[in-house]
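Take a look at the structure below.
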Amino acid sequence: MALARRQPIHCRPLSCAFSTADPYALCKDNSSHLIGPLRCIENVLDATQVAEARALIEDQEFEDGCKTAGYRARRVKHNLQLAATGTVKPAFDEVVQNALYDHEELCQMVFPRHIRPVLVSKYLLGMSYGAHVDDALMGGRDKYRSDVAMTLFLSDPAEYVGGELFIEQGF
């Protein structure tokens, strides 16, 4: 079965999409279908956790997303990210990390030993993050290996226009 090279992933609110080593993982969005090494998991955060996470970052300072991008990604990354030095960042990370560790389906699939602090991205009109490959080694001086990449959607798609997550596949 041939797959389209570039497919939009439409995950419902409160869901996340993540890459795995399984090239035949099943992605469930509006319909179940094979989408290469990707799974969409519903209800990673409950409505209360989403409201708490969004309230924490609502009026916070966001900075140029290129600060956290690798060499190649810097050329296509045009977004904002929650300032890592902000006072609410640890509280936000705790809400999200606890939800991830408590999510049985997620833990059964990826067996997280450690979940690193999350990057909170924000897109304004005209912003995008073009085609890129997530770096396997992330961080500044203290690099760490990142085996699983995850995108957690905190906004209902009905709240905005655009913002689709596109996955390019080489299978």
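The values are calculated or read from the model by the stated rules, or taken from the named source; none is laboratory data. Source: prediction; values computed, not measured. Don't worry about glycine lacking a Cβ; one is built from the backbone with ideal geometry, like all the others, and counts go over all protein chains shown. For the accessible areas, the whole protein counts, side chains as well, though only heavy atoms, and no ligand, DNA or RNA atoms are used. Shrake-Rupley method; radii C 1.70, N 1.55, O 1.52, S 1.80 Å.
Within the range 49-68, which residues are without any contact (Cβ under 8 Å) to a residue 24 or more places away in the chain and either over 13 Å from residue 155 (Cα atoms) or acidic (Asp, Glu) (or both)? Once the filter is applied, which keeps residues that are without any contact (Cβ under 8 Å) to a residue 24 or more places away in the chain and either over 13 Å from residue 155 (Cα atoms) or acidic (Asp, Glu) (or both), the range 49-68 yields 58, 59, 63, 64, 66, 67. Within the range 96-113, the set of residues being free of Cβ contacts under 8 Å to residues at least 12 places away in the same chain, part of a loop (DSSP other than H, G, I, E, B) and not basic (Lys, Arg) comprises 111 only.
Scanning the range 67-95 for residues that are among the hydrophobic types (A, V, I, L, M, F, W, C) and open to solvent by 30 Å² or more (accessible area, probe 1.4 Å) turns up 76, 80, 84, 91.
The set of residues in the range 106-123 that are of a type outside the set (Lys, Arg), open to solvent by 90 Å² or more (accessible area, probe 1.4 Å) and more than 15 Å from residue 153 (Cβ to Cβ) comprises 108, 111, 114.
The residue that is nearest to the chain's Cα centre (by Cα), counting only those in the range 156-171 that are part of a loop (DSSP other than H, G, I, E, B) and surrounded by fewer than 13 Cβ atoms within 10 Å (Cβ to Cβ), is 164.
Yes/no per residue for (1) under 14 Å from the mean Cα position of the chain (by Cα); (2) at pLDDT 50 or above; (3) small (Gly, Ala, Ser):
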site: 7; (1), (2), (3): no, no, no
site: 16; (1), (2), (3): yes, no, no
site: 40; (1), (2), (3): yes, yes, no
site: 59; (1), (2), (3): no, yes, no
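Residue count for the range 130-164, restricted to those that are touching a helix residue (DSSP H, G or I) at 6+ places or on another chain (Cβ under 7 Å) and of a type in the set (Lys, Arg): 0.
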